[in-house]
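Read the structure below first, then the notes.
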């Protein structure tokens with residue numbers, strides 16, 4: 001292990017940028033810990049290979065080792081949903097998911113939600129409808145709302161309330177989050193009807 005590194009540090013073999021990765025590019029991270037285990041998975045369309053202790057959570061891997069700090073750790077016990085990511089397209093609490101459980105799977109974080117230099121409709125709607133204040137809960141909230149819009153573009157207010165029922169927003173932006181998500185769903189429906197023609 002490199003001098004000054006602890007078992008929770010890793011040697012990252014990348015160009016160091018957080019720009020959207022090219023498809024099929026690979027990041028390799030090695031840890032010198034003797035109890036480390038290999039893990040390979042897809043992260044925001046990029047293949048990741050790491051060696052890590054088995055007790056590492058997905059949230060810890062994303063934030064501490066990969067530098068993707070959009071995923072927040074609020075309660076660290078799955079009660080606030082600040083750590084929400086997509087696991088194979090479904091919402092998941094990354095603080096409650098062991099990193100080894102994502103082996104061979106697809107993980108999408110807030111950093112990977114936008115595509116081709118354009119924000120996801122939910123991200124755009126959150127800005128347009130002022131659906132954030134301090135911003136701490138925003139990444140997790142956006143991930144849950146975007147999953148709802150992707151899976152059910154004809155969602156109702158009740159669907160939105162259900163989708164974010166596990167989220168804690170201390171600033172109380174819920175009314176604007178509802179408006180933003182319904183607006184994004186409307187955009188998604190309109191885009192779907194255009195592509196169907």
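Read-outs: derived from the displayed coordinates by stated rules, not from any lab. Keep in mind the model is a prediction, meaning the values are calculated, not measured. Quick reminder, even Gly has a Cβ in these numbers, built from the backbone with ideal geometry, and neighbours come from all protein chains shown.
What to note about this one:
- The ranking of 37, 143 by Cβ neighbour count inside 10 Å, starting from the fewest, reads 37, 143.
- A simple spin-label model places pseudo-atoms 7 Å from Cα toward Cβ; at residue 75 and residue 134 they are separated by 1.5 nm.
- When 42, 94, 165, 144 are arranged by Cβ crowding within 10 Å, least crowded first, meaning fewest neighbours, the order is 165, 42, 144, 94.
- Projected label points at residue 51 and residue 156, each 7 Å from Cα along the beta carbon direction, are separated by 5.4 nanometres.
- Column: log10 I(q)/I(0), Debye, Cα scatterers of segment 79-197, q = 0.11 Å⁻¹: -0.35
- Here the residues 122, 85, 50, ranked from fewest to most Cβ neighbours within 10 Å of their Cβ, fall in the order 50, 122, 85.
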